[in-house]
Each structure stands twice: as C-alpha cells, then as structure tokens.
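So the structure is just underneath, and the comments pick up after that.
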Amino acid sequence: MNPIFADVPTSVFEVMSRLARETGAVNLGQGFPDDPGPEDVRRKAAEAVVAGWNQYPPMMGLPELRQAIAAHYRHWQSLDLDSDSEVMVTSGATEALAGALLALLEPGDEVVLFEPMYDAYLPLVRRAGGVPRFVTLEPPHFRLSEEALTGAFSEKTKVVLFNNPLNPTATVFGAEDLALLAEFCVRFDAIAVCDEVWEHVVFDGRRHRPLIGFPGMRERTVKIGSAGKIFNLTGWKVGLVCAAPRLMKVLAKAHQYITFTTPPNLQAAVAYGLTKDDAYFEGLRADLQRSRDRFTGGLKDLGFAVIPSQATYFLNIDIAPLGEADDAAFCRRLVVEHGVAAIPVSAFYAAGAVRNVVRFCFAKRDATLDAALERLAGIMRKAA
Ligand code: PMP
Ligand code: GLN
C-alpha cells in the first residue's frame, strides 16, 4: 500500500463528527450549516432529478452552468472568462485540487504551502510527487512577508497552493499580500492553485479579490470555487474551476479520469442559483454574519478569548489564557465531558506548530449556538 495514504490518520473532521454523533454533542466541528439551505435552489435540483436528464452530462460541465460561472465571476470579481475554454465543473473543490496537483506536478517539483493549511493539501501534494515547502503564517494577522516567501520559493517551485479566505484562521489576505504573492509567482514562473471556496463567505462589507486578477496571474492561475460553500449546501460537491486554456487543457485530462462528470441535476440547480441577484448573496452573508456575531458575543460574555472572524463559517478561540497547552486534548475533553465538538487547529499544521487555537463552526441555527454556549459555560466554571 502507498504509505502516504496508509500512514495518515482519519481526517479530524470525520473523527470529530463521529464523536459528536456517538456522544450526542452539539457539533461545531466540521464546517456545515444545520439549516437545510436555500429552498429555491433545492427545488431546482429536485425538479431536475424528477423531470430532467439524469444521464452523463458533458465532461466539462453543463453549458448553462459554465456560462453562469463565467457571468457570475464577471459580475462579482470583474473577471473575463471564456465559458467554453476556461471553465470546468468538478465534483467539489476537493476533486479540483486533487486533479490540479496530479495534472501540474512532476515528481520532485516543489510546492509552496501556507500553514495553517486545509488538511487535504499535504497528502495530495505528496501523492502527486510534490515536495512541500512551508510558509508558516503568524497569528494574529496571518500575513505574507517578502522574507517568508523568499525562504520558500526556489527555481524548483512549480506550484503555489493558496487558500483565500483562509480556513481555519477565518482571515482574508489584503491586496498588498496578494500583489506580493503574484510578484513571486511571476518571478519564479510558478502556477498558483487558488482555493477560493470561501469567496462569498466574507463579512463586514469585504469583497473577495481573486489572485487570478493580479498582474501576470491570468495565464498562471487555477481558480477553484465550491457551490457547496456559495449556497450553504456543503454535501453537493459541485466545484467550479477557472483557468487559461493552456492550463485548462491539462486539468481536463485529470478530471476525465478522476470523476469524468458531476451529477447533472445539481449542476442545473447551481446554474440557476449563480444567476440570482446581489441581494440574495448579500442576504446569505448577512445571515452568517449575524450568527458569527451572536456566537462571538456569547463566547466573550463567558470569558473566552475570541480571535475575530473576517470570513468562512468559522471563528477561533485562544485557549492559552485558560491554561491549556494541547488543543487536541482540550477538544477531546470538550466533546466527551461538555458535549461540544470543535476542531483543534494543530490539525492544519504539518508538525502541529500551534497548539493553543480551537476552531468552532458558527454556521448554525440560534438554538444550536445557544445550546453550545450553555455547555461551554461548564468548561469556564471548571477553569475558574
Ligand atoms: N478547501 C477548503 C479550504 C475548504 O474549507 C473545503 C471544505 N470546507 C474544501 C476545500 C472542500 O470543498 P468541497 O466540499 O467543494 O470539496
Ligand atoms: N472543509 C470543512 C471544514 O473545514 C470540512 C470538509 C471535510 O469534512 N473534509 O470543516
């Protein structure tokens, strides 16, 4: 068996969700809303299942979805994409990431990764033959620096795997950081694989800026989105991939042998959803922002040190002030003794460099958040 997969533990998201089910805990671990999601979009999918075409759709995705993706990004991110040659639909961002790495890397190529990083990145990079070069981002701002990038990039750099907005820190990289990264990609002739699944889940009036829009990046960026995050339907696994034809031709070859296609009924519903007006997307954001504020306020009232969340379904707390030095042990106790599942952020570091940060998912109904806060009060009473 290949040791890269044989030796990795089961994903922390699966472990925590299973523990939550077994113990009856409130699950604020794995990132998914407990609301059923927008009814009109779900109805479109249901109609497409019952009345629609349920056989293999075109390999690159339904034409109406590819057109909707190009139009959506033109409107929201000022991108000019040709839906025919520069847009592809995959089975989730996860397939898009795996396919991009398999398609772009040759054994021995270096890949720049930013810690903390989504847990799938490192095993996928390694399995594709890539050699990881890490940049460790420092709390509380998790910014890029010239010095850190200089230490990571080399003549062997083929790919930069970049997540913005960033899970799990819930931060958004500013224009200055993006311009700096673009400069390095151009200087070292590297391809940026940009995981932008949280592009719509940004708060306080922020606007997502895609790296592909920066000077020199149009021809060297693979932009990856996820309808699951855009519509709060995380199980749908409809990935949106955009890249210049030179890259897309190769990405399509990987896609044709990984999944080949993605369920047509879900694609039809996503095509419908992407064309909705601005108020609809602003409304989804506003709802999540309200949940963020409710949970942030509740945690602060209990005395937790909350690290502000700018984006994503997540917020983090610093557990060092509680005298805790091991986030994984803390999360185990939290779920078993107090009935709340969370994610230890050390799972997002190759060698567990940071052990004092714990991530909660606030994309939940008020009652769920309040039930969690009530239980979290217990751990504060114990700490006092
Ligand atoms: N990348 C990041 C940063 C994520 O947070 C997630 C899921 N939350 C994914 C990729 C996976 O997206 P999908 O479900 O579309 O495969
Ligand atoms: N991306 C989700 C999170 O960060 C989890 C996805 C998964 O379970 N693999 O919680």
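Candidates are the residues of the stretch 12-30 that are surrounded by 17 or more Cβ atoms within 10 Å (Cβ to Cβ) and assigned to a loop (DSSP other than H, G, I, E, B); the one that is nearest to ligand 2 (Cβ to nearest atom) is Q30.
Residue-wise test of (1) surrounded by 16 or more Cβ atoms within 10 Å (Cβ to Cβ); (2) within 16 Å of ligand 2 (Cβ to nearest atom); (3) assigned to a loop (DSSP other than H, G, I, E, B).
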| residue | (1), (2), (3) |
| --- | --- |
| F32 | yes, yes, yes |
| D40 | no, no, no |
| K44 | yes, no, no |
| A70 | yes, no, no |
| D84 | no, no, yes |
| Y118 | yes, yes, yes |
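Out of the residues in the stretch 125-140 that are in contact with a strand residue (DSSP E or B) (Cβ under 9 Å, 6 or more places away or on another chain) and not in a loop (DSSP other than H, G, I, E, B), which is most open to solvent (accessible area, probe 1.4 Å)?
Residues of the stretch 125-140 in contact with a strand residue (DSSP E or B) (Cβ under 9 Å, 6 or more places away or on another chain): 125-126, 128, 130-137, 139-140.
Those still in the list that are not in a loop (DSSP other than H, G, I, E, B) too: 125-126, 131-136.
Working: V125: 0, R126: 112, V131: 61, P132: 29, R133: 73, F134: 75, V135: 5, T136: 61 Å².
Within the stretch 125-140, the match that is most open to solvent (accessible area, probe 1.4 Å) is R126.
In the stretch 314-322, is there at least one residue being open to solvent by 20 Å² or more (accessible area, probe 1.4 Å) and either in contact with a Lys or Arg (Cβ under 6 Å, 6 or more places away or on another chain) or charged (D, E, K, R) (or both)? The answer is yes, given that some residue of the stretch 314-322 is open to solvent by 20 Å² or more (accessible area, probe 1.4 Å) and either in contact with a Lys or Arg (Cβ under 6 Å, 6 or more places away or on another chain) or charged (D, E, K, R) (or both).
Annotation note: of Y257, Y280, Y313, Y272, the sole residue that is in contact with a Phe, Trp or Tyr (Cβ under 7 Å, 6 or more places away or on another chain) and at negative phi is Y313. On the given criteria, is E95 charged (D, E, K, R), under 25 Å from P344 (Cα atoms), crowded, with 17+ Cβ neighbours inside 10 Å and modelled with pLDDT of 95 or more? In short, yes. Of the helices (runs of 4 or more DSSP H) lying entirely inside the stretch 245-364, those carrying at least 2 residues that are within 16 Å of ligand 2 (Cβ to nearest atom) and of a type outside the set (K, R) are 278-302, 327-338.
Candidates A252, A311: the one that is within 21 Å of F348 (Cβ to Cβ) and touching a residue at least 24 places away in the same chain (Cβ under 8 Å) is A311.
The set of residues in the stretch 281-295 being touching a residue at least 12 places away in the same chain (Cβ under 8 Å) and under 21 Å from the mean Cα position of the chain (by Cα) consists of F281, L284, R285, L288, Q289, S291, R292, F295.
Taking the criterion of being over 23 Å from L181 (Cα atoms) and of a type in the set (D, E), the residues of the stretch 82-131 that qualify are D82, D84, E95. Across the stretch 93-103, not a single residue is classified as within 26 Å of G31 (Cα to Cα) and in a strand (DSSP E or B). Scoring G235 on the criteria (1) outside any helix (DSSP H, G or I); (2) open to solvent by 30 Å² or more (accessible area, probe 1.4 Å); (3) touching a helix residue (DSSP H, G or I) at 6+ places or on another chain (Cβ under 9 Å); (4) among the small types (G, A, S) leaves a single failure, condition (1).
The values are calculated or read from the model by the stated rules, or taken from the named source; none is laboratory data. As the structure is a computational prediction, the values presented were derived from the model and not from experiment. Neighbour counts run over all protein chains shown; Cβ positions are idealised from the backbone, glycine included. We work out accessible area using only protein heavy atoms, side chains counted, and drop any ligands, DNA or RNA first. Shrake-Rupley method; radii C 1.70, N 1.55, O 1.52, S 1.80 Å.
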